[in-house]
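Colleague: Structure incoming, see below.
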Amino acid sequence: MNGTRIGAAHRQRLYASTTDTYDETADLDYIAIEYALNGEPITLTLPEKIHAAQLLDARGYDLTIIGRYIGADRSTVSGWRDRGWTPPVDPQPIDIGHTQHGPSGYAKGCRCRTCRNGARDAAREHRARARRAATQQKEAA
């Protein structure tokens, strides 16, 4: 039989741009975004994911479907939409002993040598300041 299941026909291909292939100002690869818009597997950068999600949302796609197409969670897409399709702002890493520990900075309980030595030195400095302050109070009295 040469029939086609209802709904199995090829749908119209979606395009991110009909003239450009790359936007240098926003660092967007429209060809990669086009693959994502059509459900083809592709790895996107964060700005490309947000742009693709915005285009799919404007076309009325459900957040779950958008997430599947671009490789993100529904709540992530919802957060982007709630912020006006802007990327989240990453906090600056905290510098502990001239070593940065990830995007959130120092993690409580870190056992690396730099953090242990930095914590020890900071504790020594705190005790020394407390002793100097106590000595100055005794001399003033």
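Colleague: Identify the GluC sites (Glu not before Pro) of region 10-89 meeting these criteria: DSSP loop state and at most 11 other C-beta atoms within 10 Å of the C-beta. Provide the component values of the computation, followed by the final result.
Modeller: On the way: sites: Glu24, Glu34, Glu48; in loops: Glu24.
The qualifying sites are Glu24.
Colleague: Taking a quarter of the surface of the Cα convex hull of region 22-82, what do you get in nm²? Write down the numbers at each step before the final one.
Modeller: Working: hull surface 15.0 nm².
Over all viewing directions, region 22-82 projects a mean Cα-hull area of 3.7 nm².
Colleague: Now for a separate question. Give, in nm to one decimal, the length gained when the segment between Ala134 and Tyr22 is fully stretched (0.36 nm per residue of separation minus the Cα-Cα distance). Don't skip to the end; give the middle numbers.
Modeller: Numbers: separation 112, 0.36 × 112 = 40.32 nm, distance 6.53 nm.
Net length gain for the segment: 33.8 nm.
Colleague: Using amide H atoms built in the peptide plane, which far-off residues or other-chain residues are under 5 Å from Leu28 H to H?
Modeller: Correct list: Asp23.
Read-outs: derived from the displayed coordinates by stated rules, not from any lab. Computed from a predicted structure; not experimentally measured. Every residue, glycine as well, gets a Cβ built from its backbone with ideal geometry; the counts of neighbours run over all protein chains shown.
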